[in-house]
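Step one of this worksheet: look at the structure below.
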Amino acid sequence: MADLLLDRPPRLVDALQAWSHRLGPEAVLTSNAALAEVQTATFATTHRVHAVLRPRSREEVQASVRIADEYAIPLYPVSAGKNWGFGSSVPSRDGCVVLHLGRLNRIVAYDEDLAYVTVEPGVTQGQLHEFLRQRGGRLWLDASGSTPESSLIGNVAERGVGFTPYADHFSHVCDLEVVLPGGEYIRTGFGRFDGAAAAAVHRYGVGPALDGLFAQSGLGIITRMTLWLMPAPEAFQACYFNLADDGHLDAVIGALRSLKLDGTLRGAVHLYNTASVLTSYTQFPYAATKGSMPIEADVYRRLCQKWDLAAWHGSVGMYGSRNQVHEARRRVRKALAGHVSKLEFLDDRRLRLSRLLQWPYRRLTGRNLSEIIQATLPGYGLLRGVPTDTPSRRTYWRKHGMPPADVNPDRDRCGFIWCTSAVPLVGHHVRAVVDTARAVLSAHQFEPQVSLNLITDRCAYCMIAIVYDRDMPRADLRASRCHAQLNDELRHRGYYPYRLGVQDGQPLVGDDPYGGLLRKLKDAIDPNDILATDRYV
Ligand SMILES: Cc1cc2nc3c(=O)[nH]c(=O)nc-3n(C[C@H](O)[C@H](O)[C@H](O)COP(=O)(O)OP(=O)(O)OC[C@H]3O[C@@H](n4cnc5c(N)ncnc54)[C@H](O)[C@@H]3O)c2cc1C
């Protein structure tokens, strides 16, 4: 470390020595390789990082924060740093030290009767899934579509989402342990009282509830959290449907809203447009388009025919007793009749049957059923809380060459930017966002990859992905211009993002009273401005 310290300001040199002394030298990384990793996202970023700290316990997190405060060095916490499409591990401002919490990776409590688990930030969704599987799979987590290596707490800190009835992740956690910028720590809800029996099972405790302050805020570092788990239902079925064209969107959105509001569909419905489904089957057809981008209409048509793609593909899980699932299926059929071009249901029994019939089926139809089953399994698993790397492969859409087995879009210079919008569950709102996304992305020569996540009963998140190859000349610049224009146009029409990328800074904190209150809170909690500055607040 000595050589590297030579070209650093004295304040930072002193802080690095203090961290090294307190955490041990192996927990303070300053090598070029370590810094390059946390300075790389799936789009262009300019923020440089001075060091990466890897504490092992809450006490070491507190010590790290106190040292940062003493020497006025800004810190940026990440749990696994897989915030792909939103900035990965890259801090929200230049000159930070990244506090990587991956070594706090214990599952500290598990209660099967009350269906909860308490975890540290380094616990990944893959790790929790394996833990639950080893205990008989009686409880399910809600997995996100991100990598199994992503962090449960990191995802909740961003108010991330998944697929099952527990898809709105922040609504299913409580008792946050949070280290504040001064170094002290608090617990939220009943967790703040010694020996409180209901700490892990009640969200608010008594008095003002503070949990919301610590998501999308950078006001504290979450070092522990209780997550509620879903009891494996007696019956489960996946429902898949297609929409032949956009003309059916209004009716289908209306039908799905009713099915969600009346409790028939408790899971999150996902609708994916053709361009986004295509990325899970194949990669950009450079040979067929002779390099022209985005894909021309006739090539597009041929690809859609080849993969049997409709305008929209929907999926949702149905959970409950056998009777409940049977009834849900009946209601879904009735509500979607006449509006969808295909409606299918899948469960474990049908999957087993399909496996048995794959050879006769191939002989009769010439179609490879086993390939279809393989393609279906990851999505089917997500509806049951099984994390998978498959969706992350779509970040390689415009790369030349297949995605590797160990998917890592940061390392492999995959260009991927999420643009999100919260949209009321009404057809004309949904179409307005989809049409805007289509127009802006096409104008910038990107395929408009759009999905709608019906997370709550009244609101969908529209997820728009700008996917490109960072190795192509000026691609980063074109993508960031497209992202900025899309954000502006959506906001102008009243559709605000549900979540920000690290490049967005804090554009939503204005001079209004709400912005003023946020600033007062930040000043009170973090007077020296050392924590995740410019991230949301
Ligand atoms: C193809 C693809 C599919 C995806 N699917 C989904 C999806 O279905 N749902 C979804 O939500 N996301 C999805 N993502 C986005 C992202 O990959 C996930 O949200 C992922 O969980 C975030 O990474 P992480 O969990 O490692 O969090 P981190 O990168 O560790 O953290 C994210 C941010 O939260 C804050 N933070 C992290 N830890 C703490 C802490 N302990 N205390 C305070 N603040 C903290 C920091 O600002 C940090 O930058 C997807 C991305 C891609 C590319």
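At q = 0.14, 0.16, 0.18, 0.21 Å⁻¹, what log₁₀ I(q)/I(0) does a Debye calculation on the Cα points of segment 467-537 give, no solvent, two decimals? Rounded to two decimals, the profile gives -0.60, -0.72, -0.83, -0.97.
I'd like the per residue volume of the convex hull spanned by the Cα atoms of segment 406-537, given in cubic angstrom.
Values: hull volume 20.7 nm³, N = 132.
Per-residue hull volume (Cα only) is 157 Å³.
What the Cα atoms of the chain give is an Rg and a Dmax of 23.7, 76 Å.
Taking Cβ atoms as reference points and 11 Å as the exclusive limit, the residues near TRP140 contribute a net charge of +2, counting Lys and Arg as +1 and Asp and Glu as -1. Among 349-362, 322-335, 212-225, sorting by the average number of other beta carbon atoms lying within 10 angstrom of each residue, highest first, gives 212-225, 322-335, 349-362.
Taking the Cα centre as origin and putting +1 on Lys and Arg beta-carbons and -1 on Asp and Glu beta-carbons, what dipole magnitude results for segment 1-103, to the nearest 20 debye?
Values: 11 positive and 10 negative charges, 55 e Å.
Here segment 1-103 has a charge dipole of around 260 debye.
You can think of it this way: the chain between ARG322 and ARG363 has 11.3 nm of extra reach, that is 0.36 nm per residue less the Cα-Cα gap.
Dimensions of segment 1-144 from C-alpha coordinates, computed as largest minus smallest value along each principal axis and given longest first, are 55, 34, 22 Å. In this structure, ALA251 and VAL206 have a Cβ-Cβ separation that, at R0 = 56 Å, corresponds to a calculated FRET efficiency of about 0.75.
About the Cα centre of the chain, how large is the charge dipole given +1 on each Lys and Arg Cβ and -1 on each Asp and Glu Cβ? Please answer in debye to the nearest 20. Don't jump to the answer; show the numbers that get you there.
Details: 62 positive and 56 negative charges, 384 e Å.
Computed charge dipole of the chain: roughly 1840 debye.
Summarising the amide proton neighbourhood of GLY320: residues at separation of 5 or more, or on other chains, whose placed amide H is nearer than 5 Å comprise GLU234, ALA235. As a calculated quantity, the FRET efficiency between ARG93 and HIS428 at R0 = 25 Å, using C-beta atoms, amounts to about 0.05.
Its residues counted as N, segment 206-286 yields a C-alpha radius of gyration over 2.2 N^0.38 Å of 1.68.
Sorting the Cα pairs of segment 135-279 by distance into bins of 10 Å, from 0 upward, gives 9, 31, 31, 20, 8, 1 percent per bin.
Tally Lys/Arg at +1 and Asp/Glu at -1 over every other residue whose Cβ is under 9 Å from the Cβ of PRO181; what's the total?
Details: positive: none; negative: ASP69, ASP526, ASP529.
Spelling it out: positives minus negatives among the neighbours equals -3.
Remark: segment 441-450, residue by residue, has Karplus-estimated 3J(HN,Hα) of 5, 5, 4, 9, 6, 10, 5, x, 8, 10 Hz, where x stands for each Gly or Pro and the curve is 6.51 cos²θ - 1.76 cosθ + 1.60 at θ = phi - 60°. The calculated Kirkwood hydrodynamic radius for segment 364-404 is 12.1 Å, given to one decimal from all distinct C-alpha pairs. Here the contact order of the chain, divided by its residue count and restricted to Cα pairs under 8 Å and six or more residues apart, works out to 18 percent.
In a shell of Cβ-Cβ distance under 12 Å around GLU344, excluding GLU344 itself, what net charge do Lys and Arg (+1) and Asp and Glu (-1) give?
+3
For TYR110, the residues 5 or more places off, or on other chains, whose built amide H falls under 5 Å of its own are THR118.
One equal scatterer on each Cα of segment 379-455, no solvent, Debye formula: the resulting log10 I(q)/I(0) at q = 0.20, 0.21 Å⁻¹ is -1.06, -1.09.
Bear in mind these aren't lab numbers, they're just calculated from the coordinates by the rules spelled out. Since this is a predicted model, take the numbers as computed values, not measurements. Positions of Cβ are generated from backbone atoms using ideal geometry, with glycine treated the same way; all protein chains shown enter the neighbour counts.
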